[in-house]
Every structure is written in structure tokens, then in C-alpha cells.
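Every read-out reported here was derived from the displayed coordinates using simple, explicitly stated rules and does not represent laboratory data. Note that the coordinates shown come from a computational prediction; the quantities given were computed from them, not determined experimentally. As a convention, Cβ positions derive from the backbone with ideal geometry for all residues, glycine included, and neighbour counts pool all protein chains shown.
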Amino acid sequence: MIELLEVGNFVVKEDSQYKIKTISGSKITLVDTFTDNEIVQKISDLKDQIFLGKAKVTFASKAKQELHGDTSIDFASYPKNLKGKAVEKWKYLSRYKNSGIQGFSENLLKDFLTEVEKETGIKAPSWRTLKRWYDIAEENGIRGLIDKHHLKGNKTSRVGITEENMIFQSLEKLKDAEKITFKFAHQIFDDSVIIHNAENPQDQLSSISYPAFVKKAHKIAPYDLMVGHIGKSKADKLYKQNKRNRPVKYILDRAEIDHTRLDLFVVDDVLRLPLGRPNITSILDVKSKSVLGFYVGFEVPSFVSVAKAMKHAISDKTDYLKRFPGLRSKWLCKGVFHEIAYDRGREFDSNLLEEALLDLDVVGRGNPAAKAWYKGSIESHFNTINKRFLVNKPGKVFSDLTDSNEYNSEKNGVISFSALMEMLVIWVVDEYQVSANSNFTAIPNLTWMQDLPYVDVTPINPDKLDIIFSENTTRTNNDKGIGYLYLHYDNDRLTKLRRRFGYRLEQIKINREDVSYIYVLDPSERVYFKVPAIDQEYTQGLGLYQHKRILKFHKKFIKGQVDELGLALARKRIEEIIDREVLADKRSKTGTIANVARFKGIGQDMEGPATVVNSGNANNLPPLEEAPKGDNAEFLDSVDDDIEDDLDDELE
């Protein structure tokens, strides 16, 4: 990830703008650009504010701000031909990083470049060009490899030879018996720069931030650092050539993701009606075995469930955990992982996910078919959930009929979805994360804290994460604003855009989780801005899947002109049908109710009761005979239809 906290950059928080003056150890000094007042705070606290969207960083370099600002154009939004060329460069760089080759020269790279050209069919660059690509990517990620020279930013290293020697000398301390941390080594380097500048007024050196110091340290002498930190024999194992997987040395080096259906029937919060067994998409850190994040709901395995789980894993959990008072521990996990392993399911084999991972500088690895042991950590984790978390819960599904004793899981299910989420969070935070794993080799939270001083966890703003995981398309900006699937979006900034450029196609991004807004690209500033739907009452809390189902119902049953009023009436009609039918026949088959739960968006990110009916209508419904029975039953049955078609749409 791109380093945000560097001297000279700006921080906006609490309605004030600050300039980063100095970064020393674990502290950062900010200067108010209006009053010149200085404040000093912990770097970790500022990173937390950025994770939570309470602070934003603006780069001092205009080119870098255009490339990496929170609302800048993401990798997926560039033209297809430019993305293709950048990915070709990225393939060479990925193979170089995994080759074990140290350095750049014609002799070192001649055979390597020939081998990669044969393997990929992509014309090999010169070794000097590969070095140039490497430097650009280290500075600016894959966006820097896009052929737009005004966006590439600074290619040269900010660290001179003298400073590099000082860094190396400070790192030598890591070989001492005390095994000091990187933070202390950075302080030694910082002190050396200060002393040098005091003794040499005509030859002033610049210090660098702690994250940049750690990054440089791993480049200068990774093997020597590991010898000092973990011993020669372990370092030799880590730095042997390994073409299958990169070595997992620290937290966030490698994650694993997968889905499973929980072995538990849950019930409606209001009706106590069985909803079925929810799905969980979980992401696990391989080194610490920590749960990085998850998504639980009735969403089928898809890009939506993967995106929700990844955003939850990367984000700070502080605000999320406020929903569950009484927790005794903290959920420490946050930050972008370097690599993620997954099955070759269709939800992972999509351009949407591939481009999002490239933008985040995450290596995606699809495991060979029918070889679950290639991601054994997540498989073991699901086994732990079923055997340790769900083992004694009412509604538990037994894997072995001899264990069930004719136990009816559906009939005996009494745990509501909301209660399940509360129990799951408590179990993850207060039990799983603070307990030893099954082999008694690690405690997730303890391993996380031990590794944290050696890992640069770069914060990422929620808006930037939202843009990266949204889908690209184009629509015309006309007198009605921008239309998408019969919804219309407009605001003052969009109006100014059409006054300036006229009616024309604009590049937009759609968040499949929430159609109450879109992002529109400002072509002159090359940043996205958010535009709300005109009909907020209809779109509030509505996902793309639910909107498409409403459109289908509208066309099939109402047969009128499709507009905002028609859609609102269709949504109201659907809600009434679900309320009447579910309440009238609580024996509805669980499969149907589970799909209704998906339609209603029941999942961990919903607010209020997890129920398939409007809780306010549960005790105040019109008489059943007022609604045509045929239409009602037909709609409820149609909720089961076309699930595969919807999944196909999601993967296009």
C-alpha cells in the first residue's frame, strides 16, 4: 500500500487542516495551517482515525494526490487497453519478486526474462526497463504502471546513500542479544540524522517516517535482519527459493477466504419463524490464525459477500463493536493483507475482484481444484466454529445422524439472527482471539501484538475502499440527472458538470450493496464524487439484488410504466405480500423463507430487527382476503426462481 503519513503531507480532521511536520518513533507532529499551532499525537491513533473515516490525508505532491487520493480514479476505471498493459508489467514484477533473485543486472535477469516470456507470451522488457517498472510500482503500486506519465509521481528514492548507511548501522543493533524492535532502531537512525545535521550545517540530511524506515530496512538487509531476530537456521528456511508460496513471516503476509453454511437454524427476530441456515464468508490470517473479518447473512456466495467480508476484514472494527456492549477484549485486526488464497469458485473468478485486489496490491491465489489443504487454515477455522462455537446451541445441525438422536434442528431452532451475530462477535473477540489454537502453538491476539512492531499497517479511508469495490459502467448525464435501472441520481455538482460539458456519457461506479447513491467521475479533476438517488425513501437500505427483484415483480404484476413512483408502489406491495403470507402460513418451507431473508437483506450490516416482515406491521395487518391469493403465492414462489441467473449477472 502507498505510504500516507509522510512529512509535508496534509491531514484534515475535526474541521481543521494540518501539515505533517515531523514523524519520530511512535509520535507525529502536526501544524495547523491556519493558526500555526502544533499538536503531537500517536501515529497509531491517527491511523485509527483514518480507518474510521474521521481523518483524511492529502498528498503534498499534486501528481500523487491525483493518483492516490481517497476519491481518485481507481485502477478498474482506466481504459481496458491501459489496464492490460499495466497487468502485463505486473506479471513480470510478480514473477521477479517470487524468483528469489536479488538485484538487477543483465547477467542476473537474462535467463529469467527469457523464461517469463515463454511462459506468458508477453514480450520481455530489458533488465533496465524491469528495474524502472519495479521502482515505479514500489512507489505508486499498479496505478503507477498505467501509461499516463503525468500521474506516475516521483520514481527516485527519497533516501540518499548517507542516510541508507545510517539505516544499515541502526539495523545492526537488531543482531544484539536484546533483539531490539524496529521502533528503537528507527530512533537510533533519527538521532544519527539530528547529530549529523548539527555537526554539518552545509550538508543537511532528511529523516524518514517509521513506516518508510521499516520498508527500507527489509530492502537493504532482509536476511541479516532475520538472522538477528529469529536465528540463522530459521532465516535460511525463510530465504530459500520457494516458487509455490511466499514465506509467511508476519501477520497480514497471507490470508485465506472461504464460505460455508453455518450448521445452525436461526429464527426471525420478530416472528420466531425459522429463516434457515445463514452463510458465512470468513477471512483468516495464516500467521496468527486471527479472524480478520467476516460477513454473515443469507446472501449466496458472490462478489457481494466477498466484498463485504474483505471490507470488514480491512477496516477498523471499533465502531462496529459498539453494537455489542460488554465485550472484554479488543478486535485488533485491521489493514490490507499482502496475499489471499481462495478456491476456484465463480465468485472469485471475476474481473471485479481481480481489479480490486490489484488496486490494493494484494496477490490473489486460486487454489488447485479438490485440494482443500492448500488453504488448511480457513478449513480448520470453519471446523472450529462448528465444534466449539455451535456445538451446544439450539437449532444445531448434526453432521452425523448417530449423533442427532432424531433431533429436529429446524423445529428446535430458537436463536434469532441478531442473537447469533451477538454471540458470534463475543465468541470471536472474547474467546477465539484470546485462546490458544488447537495445536497450542499460538494465541491469535498475542501473535498479532508481537508481530505488529515489524509490520507497517497502512490505513485506508472507508470511501476509498468503497470506490475500489464498486462496479464501473457509463450512463448519460441529462436533464433528469443520471439514470440507472429506472433510478435517477442528481445533485449540485452533477448539475454543474452537465452545464460545463453538456449532455454526455459519464463514468460512474455502482455499489451493489447499496443503490441509494452512485459515484461519478469528474473528468477534469479525475476524482469521484458521490451522488444520491433522488428517491431516498425507496433506495434507503436497498441493494442491487433486491432492486432487480422489485423490477421483475413490477413488470410481471403491475405492468405499468416503470418510474420512481411505480417502484415505490411495487416495493410496498411486496412488503405487504411477504407480511401477509408469512404470517398467514408459518409452515412456509424454510428454503423459501431463506430466499425471502436474502431479498430483505438480512445480514450482519443491517440495523434494527432481523425480520422478514416489517416489525411495525406484524400486529396490524389488513385482512388476508383483501389480497389476491394467487398473486401472493406466485410471488413468494418466484423468490426461489432465477437465483443462478442473478449469480451469473453478478459475475459478468
Between residue 111 and residue 449, what is the label-to-label distance in nm when each label sits 7 Å out along the Cα-to-Cβ direction? 4.8
Phi to ³J(HN,Hα) by Karplus 6.51 cos²θ - 1.76 cosθ + 1.60 over the range 44-60, Hz, x for Gly, Pro: 4, 5, 5, 4, 4, 5, 5, 4, 8, x, 8, 8, 10, 10, 10, 6, 5
Set the bar at 31 Å for Cα to Cα. Now go through 131/311; 64/118; 97/464; 131/464; 123/249 and name every pair that lies beyond it. 131/311; 64/118; 123/249
Once you place label points 7 Å from the Cα toward the Cβ at residue 36 and residue 199, how far apart are they in nm? 3.3
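Determine the gain in length on full extension of the stretch residue 540-residue 101; use 0.36 nm per residue of separation and subtract their C-alpha separation, reporting nm with one decimal.
Numbers: separation 439, 0.36 × 439 = 158.04 nm, distance 5.27 nm.
So the chain would gain 152.8 nm between residue 540 and residue 101.
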Amide proton proximity set for residue 205, modelled H, under 5 Å, gap of 5+: 197
In whole angstrom, how far apart do the alpha carbon centroids of the range 448-477 and the range 106-139 sit? 29
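Given a Förster distance of 22 angstrom, what is the FRET efficiency for residue 442 paired with residue 363, based on the Cβ-Cβ distance and rounded to 0.05? Could you put the intermediate results ahead of the total?
Working: r = 23 Å, r/R0 = 1.06.
So, using R0 = 22 Å, E works out to roughly 0.40.
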Take the alpha carbon gyration tensor of the range 10-60, find the square roots of its eigenvalues, order them as a ≥ b ≥ c, and report rounded if a/c is under 1.5; if not, report prolate when a/b exceeds b/c, else oblate. oblate
Using 0.36 nm per residue, how much length does the chain from residue 88 to residue 123 gain when fully extended, once their Cα-Cα distance is taken away? 11.7 nm
Starting from the Cα gyration tensor of the range 471-539, take the square roots of the eigenvalues, sort them a ≥ b ≥ c, and report rounded, prolate or oblate (rounded when a/c is under 1.5, otherwise prolate if a/b is larger than b/c, else oblate). prolate
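Contour minus end-to-end for residue 548 and residue 505, with contour as 0.36 nm per residue of separation and end-to-end as the Cα-Cα distance?
Working: separation 43, 0.36 × 43 = 15.48 nm, distance 2.31 nm.
In short, 13.2 nm is gained.
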Testing the spin-label approximation: label points 7 Å from Cα along Cα→Cβ at residue 135 and residue 44. State their distance in nm. 3.6
